[in-house]
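What follows is a single structure, written as structure tokens, with notes after it.
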Amino acid sequence: MQRQIPGRSEENALTYHQLAIKGISQLLEHLSVTSKLEYVSLITYSTTSEVKVDFTRDYDTIRQAVKKVEPGDKLCLISMLKNVASILSTNWGTQNYCQVIVFTDCGLGFGSTALKGFFQSYVDKENEPEFDWIGQLKAVKLNFVCMGVQSDYYFTRAFPVYQQLIDFTGLKGQLFMPKFVKDAVEGTENSNDINKSSTIISTSATASTMTSHSNHKSELGRTAMFELIERVCEANFKPFEVTLKAGGYCRLECPVLIWPPPVPHKIENGVKTLLKISQKIEICGYLSLSEIGSPASLSRHLVIPKVDREKPTRRSSEKSGSSKSSNSVTNSTSSKPALDINQPNYEYEKLEQEIRDFYTKDVKDGDESSEDAETNATKSGSGAIVPAAEKESMCVLLHGAMKVENLAALVLLNDNWYGFLYSYADSKKKSNLMLNILPPGNNVIPWLGDLQLLGFAEDLMPGETSAFPVKADKRSYSQSFVVWIKQVSLQSDVQKVLRHARKMPEKTQHFFKEMNRIRRAALSIGFIELLEAMATLFEKESAQLTLGTNPECSIQLKHAAIELRKPSNRDLKVSIVPMQKFSATGGGPDNPAAAGFAY
């Protein structure tokens with residue numbers, strides 16, 4: 001990383017290390033604008049890997065630490081990957097999604113620390129304990145910012161090896177390389193959205209100097225690095241923007257940002273499909289927080305009002321036309337339709353006019369020198385200067401109302417997919433609007449029942465009350481418990497069923513009752529093998545019985561064995577019932593041949 005980039009003149013000489021520092025600064029600048037809530041850590045690696053800055057939201061600390069990074073001895077990419085796996089499993093857990101951004105010149109390492117040695121030792125040993133760290137990186141996406149030029153054999157030889165590392169280990173990863181001047185080769189980009197925390201990796205290993213071509217026009221510089229960072233941010237740190245709509249009034253909607261970006265939910269119904277949140281989420285109604293309780297949810301996200309940030313190139317043109325536009329706004333607001341005081345609906349028309357003026361007034365930038373949109377001043381239609389942070393926002397209105405009333409809003413995320421918004425306080429003085437994403441379906445909160453059948457309190461008939469919680473079909477605490485901690489407990493339950501089987505038809509109902517009890521317990525814990533074992537046992541018991549002595553017992557045992565093997569009976573709500581005995585016309589004790597069984 002201390003080598004000079006090939007193809008650059010002596011006046012514009014730049015090392016890979018210096019270029020990596022500029023790339024990291026550009027990345028932090030992007031995160032500070034679009035993803036202020038990201039936790040970032042800085043790691044350097046050579047033979048060993050070292051954490052320079054632990055996870056923090058203070059990006060200035062990382063900017064200062066990057067400038068103080070010193071060269072190491074030699075590159076070892078595996079040491080960095082092991083360190084990342086250890087950090088994430090200790091601090092965040094292996095289930096949290098993480099972005100690892102590696103700034104490297106695609107070095108292959110030397111001697112025992114080379115990637116070639118890792119490939120040789122990893123073959124046919126994927127399940128060995130020494131490679132458990134690879135499994136801990138399954139929730140991590142590796143983003144390699146590959147700094148190199150096409151004329152550098154050191155780079156072109158190593159670039160495919162890095163792709164081979166991703167494919168060989170089965171990790172999520174992507175290589176970003178600069179566009180070459182000659183043939184405009186661009187690395188393949190695949191978008192992966194949600195990120196729980198970001199890890200920035202900067203290599204500090206020294207490498208042997210390679211022969212450079214002075215007559216080649218270098219395509220690797222500041223401009224190429226900034227373009228690389230833009231591609232990395234576009235693929236991994238793009239804000240997830242949706243429109244939040246409340247009610248039927250057209251003005252009660254606003255664009256919001258959901259952070260961290262939600263991951264598409266995988267549904268496996270024979271065919272794997274990805275269910276994504278719609279670009280417009282709509283509030284269906286409001287429920288008390290005590291009625292919702294704490295249902296199981298897929299994930300939680302912050303809902304942040306979107307703040308429009310003006311580009312510097314547009315400020316001059318807007319400033320020149322500010323006087324004309326302000327005059328036009330003043331004229332438009334002054335030309336209000338006159339309301340007749342004598343009309344019977346005067347108060348309603350006046351209120352509607354005030355609401356219309358409130359939502360239709362234009363807002364323009366007043367302080368062009370400010371870089372942060374939250375500190376910008378805006379001019380309203382009346383000419384008053386209003387800070388951008390004080391602009392009216394439906395999101396802020398919704399948050400304040402639900403916080404005071406202790407309510408939560410049920411929102412429709414997609415077809416038959418719901419979530420709810422509520423005010424969450426992480427401290428005594430600060431609260432945020434939080435989105436809980438429920439599993440897909442309309443019956444995911446048992447005590448609320450079918451979400452599609454919820455209505456308004458005003459629609460209740462006289463004498464009716466809101467019946468929350470909804471009464472369940474069968475209460476769990478009223479059922480008899482089955483505990484199989486020891487082998488003797490399971491054997492005792494099975495032997496009890498067999499004792500009832502030998503006493504059929506007198507004990508037919510008891511036999512099926514005990515069999516269904518064991519079947520439900522086995523299905524609850526996923527003990528499907530027990531159902532097959534009981535079916536086999538019933539078949540053997542039926543074969544030992546002679547048809548002349550107890551034909552009904554043999555028929556019921558065969559029937560039970562067949563029903564236990566049916567996939568349709570894997571539902572806990574389904575009960576297996578015995579075959580019913582019937583008699584045809586003319587049947588009876590004197591004509592037993594006319595009798596039979598029907599299910």
Inset, instruction - Find the accessible area per residue for region 60-143; the probe is 1.4 Å, ligands and nucleic acids are left out, and the unit is Å². - result: 47 Å²
Legend entry - Net length gained if the chain between residue 529 and residue 307 were fully extended (0.36 nm per residue, minus Cα distance): 74.2 nm
Legend entry - Sequence of 355, 267, 281 from largest to smallest accessible area, 1.4 Å probe: 355, 267, 281
Legend entry - Part-to-part distance (alpha-carbon centres) for region 502-519 and region 230-303, which is given in Å: 49 Å
Inset, instruction - Report, largest value first, the span of the C-alpha coordinates of region 487-569 along each principal axis, in whole Å. - result: 40, 26, 20
Legend entry - Label zone at residue 15 (point 7 Å along Cα-to-Cβ), backbone N below 18 Å, region 69-91: 69-76
Legend entry - Given charges at Cβ of Lys, Arg, Asp, Glu: region 487-569 dipole, positive-most of 511, 538, 550: 511
Inset, instruction - Would you work out the charge dipole size for region 487-569 about its Cα centre, treating the Cβ of every Lys and Arg as +1 and the Cβ of every Asp and Glu as -1, and quote it to the nearest 20 debye? - result: 180 debye
Inset, instruction - Keeping all protein chains in place, calculate the accessible area per residue for region 487-569 (probe 1.4 angstrom), answer in Å². - result: 53 Å²
Legend entry - Two-site label geometry, residue 482 and residue 179: point separation in nm, points 7 Å out along Cα→Cβ: 6.5 nm
Inset, instruction - Taking all protein chains together and a probe of 1.4 Å, list 245, 496, 138 from the most accessible to the least accessible. - result: 138, 496, 245
Inset, instruction - On the full set of protein chains, 1.4 Å probe, figure out the accessible area of residue 464 and give it in Å² to the nearest 10. - result: 100 Å²
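Within region 400-465, report the chymotrypsin sites (Phe, Trp or Tyr not before Pro) that DSSP leaves as loop and that have at most 11 other Cβ atoms within 10 Å. Present the calculation step by step, with values, prior to reporting the outcome.
On the way: sites: 417, 418, 420, 422, 424, 447, 456; in loops: 456.
Counting only loop positions with at most 11 other Cβ atoms within 10 Å, the chymotrypsin sites (Phe, Trp or Tyr not before Pro) in region 400-465 are 456.
The values are calculated or read from the model by the stated rules, or taken from the named source; none is laboratory data. What you see is a predicted model; the values in this text were computed from it and never measured. Cβ coordinates were reconstructed from backbone atoms using ideal geometry, including for glycine residues, and neighbour counts include every protein chain displayed. Accessible surface areas use protein heavy atoms only, side chains included; no ligands, DNA or RNA. Shrake-Rupley method; radii C 1.70, N 1.55, O 1.52, S 1.80 Å.
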